[in-house]
Amino acid sequence: MLTLFDGIRSVTSFSVCIRMLLALLCGGVVGMERSFKNRPAGMRTHMLVCIGATIASVTGLFLYLDLQYPTDLSRIGAQVVAGLSFIGAGTIIVTRKNTIKGLTTAAGLWATGIIGLAIGAGFYEGAIIATFLILLAETWFAEIGKNITHITELNINVIYDKKESLDNVMRYCKDNRLAINNLEVNADGAESEEPTQYQARIAMSAIHNIHRDKILLHIRTMDGIRFVEADE
């Protein structure tokens with residue numbers, strides 16, 4: 001531990017002011033990056049979360065050290081962590097394309113609350129280092145993440161009237177290095193000996209870029225294919 005902070009580790013009026021100001025600064029630094037990217041929880045939200053967690057941690061220390069209450073110091077912190085889960089959940093949304101947004105913001109809010117608990121407990125070194133690393137993860141590592149090759153996914157719905165048509169579609173996917181992740185087949189008129197038509201939902205993926213229009217156009221030209229479309 002740094003001896004620099006030894007004079008403000010105990011719970012005094014001066015140390016409480018220092019902790020509140022440090023919580024305001026650390027929360028603002030993390031939240032500023034979120035505000036710049038127009039995320040649901042911005043600078044003020046991160047400041048409030050960090051300050052609230054800090055005062056909760058300091059309150060636990062005050063009750064135990066100054067008022068001599070037989071309280072569990074970890075209980076308040078545990079309740080703060082649980083409450084942050086509800087706040088973070090409010091920033092997570094599922095778009096129409098079934099993609100999830102807001103996870104990084106939710107994780108940042110949760111981490112900011114933990115920083116506040118560390119500041120309130122007098123663990124200034126850990127709080128400052130964590131703030132720096134969180135900011136690094138949200139900026140520099142975000143740019144690195146954009147350059148990572150992602151698996152491209154495509155979900156298509158196919159209506160056909162010949163059983164061998166699906167085999168042709170599957171063979172085409174295999175020849176073009178498209179991995180089939182899931183396949184669901186339903187038959188209209190299944191109660192009869194020979195169904196009138198079939199409907200298949202195919203989930204596929206590939207490491208390379210998928211040319212969706214080219215794939216759909218080729219499948220449409222196959223014998224027995226009545227209709228094919230891709231999920232948006």
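For the reader, a short list of remarks on this structure follows.
- Considering the stretch 90-121, the residues that are closer than 15 Å to Ile51 by Cβ and β-branched (Val, Ile, Thr) include one that is surrounded by the fewest Cβ atoms within 10 Å (Cβ to Cβ), namely Ile114.
- Summed over the stretch 75-88, residues that are of a type outside the set (Lys, Arg) and surrounded by fewer than 11 Cβ atoms within 10 Å (Cβ to Cβ) total 2.
- Residue within the stretch 40-51 that is surrounded by fewer than 16 Cβ atoms within 10 Å (Cβ to Cβ), under 24 Å from the mean Cα position of the chain (by Cα) and either farther than 19 Å from Phe123 by Cβ or not acidic (Asp, Glu) (or both) present: yes
- Extreme residue, modelled with the highest pLDDT, among residues of the stretch 91-145 that are in a loop (DSSP other than H, G, I, E, B) and closer than 19 Å to Gly31 by Cβ: Gly102
- When the criteria are applied in full, Ala41 fails the requirement of being at pLDDT 90 or above and under 23 Å from Gln79 (Cα atoms).
- Of all residues in the stretch 122-139, exactly one satisfies the criterion of being surrounded by fewer than 18 Cβ atoms within 10 Å (Cβ to Cβ) and acidic (Asp, Glu), namely Glu125.
- Options Arg201, Arg171: the member that is farther than 30 Å from Phe5 by Cα, touching an Asp or Glu at 6+ places or on another chain (Cβ under 6 Å) and among the basic types (Lys, Arg): Arg201
The values are calculated or read from the model by the stated rules, or taken from the named source; none is laboratory data. Here the structure is a predicted model, which means the values were calculated and not measured. No Cβ is skipped: glycine too gets one built from the backbone with ideal geometry, and neighbour counts run over all protein chains shown.
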